[in-house]
Amino acid sequence: MKVVLFCGGQGLRIREAGENIPKPMVPIGYRPIIWHLMRYYAHYGHRDFVLCLGHRGDAIKRYFLDYDECISNDFVLSGGGKSVKLLSSDTDNWTITFVDTGTEANIGQRLRAVRKHLEGEEMFLANYADNLSDVPLDRVIEHAREADKLASFVSVRPSQSFHVVRTAPGTSDVVDIEPVTKADVWMNGGFFALKPQVFDYLNEGEELVVECFQRLIGMNQLTTYQHDGFWHAMDTFKEKMALEDLYSRGKAPWEVWRGDRAKPALTPVRA
């Protein structure tokens, strides 16, 4: 199943990580966040990616053109550095389509721009390139198939630290205030499962989760998988550091592939 990733964000609120780095390339450890997300999808067997490029798309292209699997895998070095054999591998069976979808395009426009690359798909997956989760993707897909709607997405609990305020109808009298993490509030967490027919309800210039999803709601063609586990976006430098901290302590919940890496026979890299 193909995976569409929206990679056009400029990351204006995370400039501390690098003035001219596209948001998907902001690193967590020694790999950019987009690698972590792609590795998550690959773990579930979905390794055919379509990247919707925008701001500094050249940097994303260059990263994968120069990709070195030795950085994230164990290997054996011999012959004074003349021979390198991988003990495991991650991207060797990935297929990545790079598509320039415009610097200023919104998500809906980016999705429309890659429509031709999704021909023949019964269903495809899509996601923003700046959020990570341990949501069980196989169950998300199963839910989408059983619901038999045109679109499905994962809804999550907010991870931000603000309070929800409720007032009495028609007044400014506060009747309740509580942390958003404890309130009965769910938000769009991305991780979409879509049928190609959604393009029939997404017009030029429109947003996927605004006009298109409103139409689908009116037709009872939108469903959600509620995930109460780990989910974290990376919109700010503070959120980037929170993810970095989890990674550095070896407690990154999104690394569902840990302990399940492919372990082929020694794979020559150079000899």
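The values are calculated or read from the model by the stated rules, or taken from the named source; none is laboratory data. Bear in mind the structure is a predicted one, so any value in this text is a computation, not a measurement. Note that each Cβ is placed from the backbone with ideal geometry, even for glycine, and that neighbours are counted across all protein chains shown. In case anyone asks, the SASA skips ligands and DNA or RNA and just uses the protein heavy atoms, side chains included. Shrake-Rupley method; radii C 1.70, N 1.55, O 1.52, S 1.80 Å.
A few points about this structure:
- Selection from the stretch 50-83 of residues that are buried (at least 16 other Cβ atoms within 10 Å of the Cβ), under 24 Å from G8 (Cα atoms) and in contact with a strand residue (DSSP E or B) (Cβ under 8 Å, 6 or more places away or on another chain): V50, L51, C52, L53, G54, G57, I60, Y63, F64
- Of everything in the stretch 65-86 that is among the small types (G, A, S) and over 34 Å from the mean Cα position of the chain (by Cα), the residue that is farthest from P27 (Cα to Cα) is G79.
- The number of residues in the stretch 211-221 that are assigned to a helix (DSSP H, G or I) and touching a residue at least 12 places away in the same chain (Cβ under 8 Å) comes to 5.
- Extreme residue, nearest to R31 (Cα to Cα), among residues of the stretch 87-120 that are at pLDDT below 80 and acidic (D, E): D90
- Enumeration of residues in the stretch 144-158 that are open to solvent by 50 Å² or more (accessible area, probe 1.4 Å) and either in contact (Cβ under 8 Å) with a residue 12 or more places away in the chain or of a type in the set (A, V, I, L, M) (or both): R145, R157
- Residues of the stretch 202-227 classified as open to solvent by 40 Å² or more (accessible area, probe 1.4 Å) and more than 19 Å from Y128 (Cα to Cα), total: 9
- Residue list for the stretch 233-243, filter: farther than 30 Å from F199 by Cβ and either surrounded by fewer than 18 Cβ atoms within 10 Å (Cβ to Cβ) or hydrophobic (A, V, I, L, M, F, W, C) (or both): T236, F237, K238, M241, A242, L243
- Filtering the stretch 162-175 for residues that are charged (D, E, K, R), open to solvent by 10 Å² or more (accessible area, probe 1.4 Å), at pLDDT below 95 and part of a loop (DSSP other than H, G, I, E, B) leaves a non-empty set.
- Among strands (runs of 3 or more DSSP E) entirely within the stretch 75-115, having at least 1 residues that are under 20 Å from L37 (Cβ atoms) and of a type in the set (F, W, Y) singles out 95-100.
- For the stretch 89-125, taking the residues that are closer than 14 Å to V50 by Cβ and among the hydroxyl-bearing types (S, T, Y), the one that is surrounded by the most Cβ atoms within 10 Å (Cβ to Cβ) is identified as T101.
- Test: residue in the stretch 224-236 that is without any contact (Cβ under 8 Å) to a residue 24 or more places away in the chain and not aliphatic (A, V, I, L, M): no
- Given (1) of a type outside the set (K, R); (2) within 16 Å of V50 (Cβ to Cβ); (3) open to solvent by less than 50 Å² (accessible area, probe 1.4 Å), number of the condition L86 does not satisfy: (2)
- Residue list for the stretch 177-201, filter: closer than 22 Å to V156 by Cα and open to solvent by 10 Å² or more (accessible area, probe 1.4 Å): I177, E178, P179, T181, K182, D184, V185, W186, M187, N188, K195
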